[in-house]
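Coordinate-derived values only; no laboratory data. Predicted model, so just to flag it, every value in this text is computed and none were measured. As a convention, Cβ positions derive from the backbone with ideal geometry for all residues, glycine included, and neighbour counts pool all protein chains shown.
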Amino acid sequence: MTGYVGRRLLQLGPTLFGMSVVIFLMVRLMPGDVVDVLTGGDVSITPEQRDAIKRSLGLDQPLPVQYVHWIFGMVTGDPGFSLRSHEPVYTILGRALPITVELVVMAIVISVLIGIPLGVASATRANSAGDFGARVGGLMGLSMPSFWLATLILLFTSLVFQWVPAVSYEPFLKDPLTNLSQMILPALSISVFVIAIVMRMTRATMLEVLKQDYVRTARAKGGTRRSVTYRHALRNALIPVVTVVGFQVGTLMSGAAIVEVIFGLPGVGYTLIQAIFGRDYTLVETTTMLLASIFVVLNLLVDLAYVVIDPRIKVQ
Amino acid sequence: MGDYRVTRRELLRQGSLLTAAGLLAPAALLEACGNTSSSPTTTGGTPRAGGSLTWALEQDPTYLAPFGPIPTSNHWGNELIYDSLLQWDKNLTIQPALAESYTTPDNLTYIFKLRQGVKFHNGNELTGDDVKYSFDLIRNPPPPGSVSSLGQVPAIASVDVVDKYTVRFTMKKPDASMLGFLAWGRYSGIAPVDMYRQINPVTQGIGTGPMKLVEYIPNDHLSFTRFADHWNKPLPYLDQILMKVLPDEQARVAALRSGAVDGATLSADSARVLGGDKSLVVLKGLTAAFREIQFTIKPGENKPWADKRVRQAISHAINRQDIIDKVYAGDGKYSGFIPPGYGKYPIADADLVSNYLKFDLNKAKQLMSDAGFSNGFPMTMLSIAAPADMTQAAEVVKQHLQQIKIDVSIQPQDIGTFAKNNGNGTFDCDLTSRGMRGDPNGFVAEFVSNARLWWPGYQVPSTIADLISRGVATPQPDQRYPIYTQLQQALMDEMLEIPLVAVYKYQVVNRRMHNMYVAFTDFNTGLKQAWVS
């Protein structure tokens, strides 16, 4: 176990380093640069003026030097300033990250609360009309893009109820009710995909587990249908479901980007999209690196949790 | 499409107020950009003080700093905070603002007399020192500004404080763009001395404008409160304004329908959909952002469009009304190099339609034949991907040019990539959009200043350069009008750029909102005078 964890932790360093190089280069390879955006492509700007802007932004340094400055700043807690607004990048992300985290957490909670009971119900009533309905619903959930669903939900509530979530973001600690009313629709929009995955995975593993000997034994011992399903079958069926939910955090974060734009929530995804259009290198690089790091660390944690939950992994 | 109300009466009233204000400048100068068109306005009536409204912005301002490059969306964020020495009214007539009058003792000097008793949001009184401080920073913008805005700034040699309420501007050369630059206000906001040391100008601001900034949360909202000591009483009428950033158009539509926001800018299609909603009013107005095609001509490349007749053929093969009908649902106008709505400078619509920009396929074919290209040629056209209308217009142009056997390949690009190619001149031709300028010279100066970049393989006629020089050096509007007419005629003979159409901007507002109008400048200036019932 210790060796496995050690190996996985050792892989983390090179993975993050490789990611940082790829992110840095990809951002710098984007056509157009921040100077073009700042000048609006104004061709009356002289080469000297362009050089002056580049110098003021630190973009006159060789790329390896810029990379070292950035990565050193990331590690020491100061990756620099937004090239467009000159706000410290960590100030911007400090504002945006809690919104996205709240959105993703809410989406996971919704997915689990809806997906698992649906999956269980579907498995225990396999091939019934209810099972068929849940499976078709799951297929639809997998097929519907979150941005389309988000737009549809917004238009529906505005047309039918003459209501949309409050337009200015209110932090949870400041006004919990307003905050929840703002976050529930976007969270629902991005969770539908994960609800479908959780439901299908729960159904499949439950069907598998329900055929196992220990379930038959539990039934033979006179256990009630409810206790056999939830105490014996579901607990074992949940192991792969937990893993899948963990892996979906990345999907939810990327799904959050477009939904944040639609609902006007100033989260990380929205910030990143704005930064990409503005060629705000420092902000794009740091935000992408942050998201990628979260993804990698979460994957690691899921892997480790899997080992803890399922002892057979250690043997393999 | 909702109800429009053209308020010519209000214009006349403003004109008489201007006279009463005793602006000392020569009357002719007041017409520096005098305009005959007026924008539809929400219903007037007796303004009511108090109340609040929420306005949806389609883009985050990014920062509020008043000096340096100010993209239009940035100005949406700071136009309620900062005032300039002069201002345009909604018909682009220059009006006094922080300067109550000015004199021009010679063609190199402007002396501005400041309004007395004007207060900044921090309670300090406006003086000549503040004007000098601001113009020093306009000409040397600190971060987040940069020198990239200097191309928009007139040729100011020095700014001197004559006394507490008098400031003298000395120009490097005669430059008639000075007054329009000040009235435009985009780059000429006045801030108090040392503001950049006292606050963070990225998210805060101290000006003399009608509203005080309460907070700016980037990517989310800006909130403003009424500045009771504003110099231009009885403005503002509103107690609070909230600007919410809602980049998604359907989100703005939903927010308007539900009443969560009181007004927003929308596409023509969305505006039409909301036209049937009785609680909403649709406003539309022209802006300066006309669409055009632009060529590059490089030495040694010998591209077909290096021949003037080919460029003329392309212009005559384009059916502009078809573009207006197919892309802009019938709402649009022909545009010359100075867009319709920009005072008396544009060429009359009838002349454009029946002469300079006439759709004449036979003439186009004849010109192509004369140039030796009756079999056509392939051509790559860049377009801006968003907003989508420019790529849609390019598709329509492609169909038109097939009639003269030009095979157009369209490459939509995001704005950053497009700007890069445009700035480097690395394109054959592109379909692009122009923006507002403080002076007519801004629409034509590039035919000299950018010739080395876009047309190094072509000799732009010297008459064009001469007319551009004369235009910018001539302060009297009556003398400038014929110069710019002649200049546009010469440019429409050359067709190094082919003007296409001027398009309308749509803003949908709640019926309780009054006095709002679509500003030709593409700003939301109507919010300064808006009130709610």
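With a 10 Å cut-off around each Cβ of A:28-34, the average count of Cβ atoms from other chains is 4.
Taking all C-alpha pairs of chain B, those more than 46 Å from each other amount to 12 percent.
Cα centroids of segment B:50-114 and segment B:306-362: 32 Å apart.
A dipole drawn for chain A from +1 and -1 charges on Cβ atoms has a positive end, and of A:Leu83, A:Leu207, A:Ile23 the residue lying farthest that way is A:Leu207. Inter-chain Cβ neighbour count for A:276-282, averaged per residue, equals 3 (cutoff 10 Å, partner chain atoms only). Exposure proxy for B:His75, A:His86: other Cβ atoms within 10 Å of each Cβ, ordered fewest to most, give A:His86, B:His75. For B:Thr287, the residues whose amide H sits under 5 Å from its own are B:Val503, B:Lys505, ignoring neighbours fewer than 5 places away on the same chain, with H placed 1.01 Å from N. Shape class for segment A:190-239, computed from the alpha carbon gyration tensor (a ≥ b ≥ c): prolate, with a/c not under 1.5 and a/b above b/c.
About its Cα centre, segment B:39-170 has a charge dipole of approximately 200 debye under the convention of +1 per Lys or Arg Cβ and -1 per Asp or Glu Cβ, with nothing else charged. Shape summary of chain A, radius of gyration then Dmax from alpha carbon positions: 24.0, 86 Å.
Positive end of the dipole of segment B:111-204 (Cβ unit charges, origin at the Cα centre): among B:Gly117, B:Leu179, B:Ala191, the Cα lying farthest that way belongs to B:Leu179. Can you bin segment B:78-204 into rounded, prolate or oblate? Criterion: square roots of the alpha carbon gyration tensor eigenvalues sorted a ≥ b ≥ c, rounded for a/c under 1.5, prolate for a/b above b/c, oblate for the rest. Rounded, because the longest to shortest axis ratio a/c is under 1.5.
The residues B:Ile384, B:Ile190, B:Ile217, when put in order of fewest to most other Cβ atoms within 10 Å, stand as B:Ile217, B:Ile384, B:Ile190. When the Cα positions of A:Val245, A:Thr286, A:Ile262 are compared along the charge dipole of segment A:220-298, A:Val245 comes out farthest toward the positive end, with charges on each C-beta of Lys, Arg, Asp and Glu. Each Lys and Arg contributes +1 and each Asp and Glu -1, all at the Cβ; summed about the Cα centre of segment A:210-287, the dipole is approximately 1060 debye. Rg and Dmax of the protein assembly as shown, based on Cα coordinates, read 30.5, 108 Å. Rounded to the nearest whole angstrom, the semi-axes of the ellipsoid equivalent to segment B:155-259, taken from the Cα gyration tensor as √(5λ), stand at 34, 18, 15, largest first.
Look at the stretch A:260-266: the mean tally of other chain Cβ atoms within 10 Å of its residues' Cβ atoms is 6. Each peptide in B:370-378, A:109-117, A:5-13, B:55-63 was scored by the mean count of other Cβ atoms within 10 Å over its residues; highest first, the order is B:55-63, A:109-117, B:370-378, A:5-13. With Cα atoms defining each centre, segment B:243-261 and segment A:202-230 are spaced 51 Å apart in the structure. For chain B, the dipole from Cβ point charges (+1 on Lys and Arg, -1 on Asp and Glu) about the Cα centre works out to 700 debye, to the nearest 20. Classify segment A:96-161: rounded, prolate or oblate, from the alpha-carbon gyration tensor (a ≥ b ≥ c, eigenvalue square roots; a/c under 1.5 rounded; otherwise prolate if a/b is larger than b/c)? Oblate, since a/c reaches 1.5 and b/c is not below a/b. Residue exposure proxy: B:Ser223, B:Ser279, ordered by other Cβ atoms within 10 angstrom of their Cβ from fewest to most, comes out as B:Ser279, B:Ser223. Phi angles of segment B:163-173 translate, via the Karplus equation with coefficients 6.51, -1.76, 1.60 and θ = phi - 60°, into HN-Hα couplings of 8, 3, 10, 10, 10, 10, 9, 10, 8, 6, 7 Hz per residue; Gly and Pro are given as x.
For segment A:63-222, taking Cα atoms only, Rg and Dmax work out to 22.4, 71 Å respectively.
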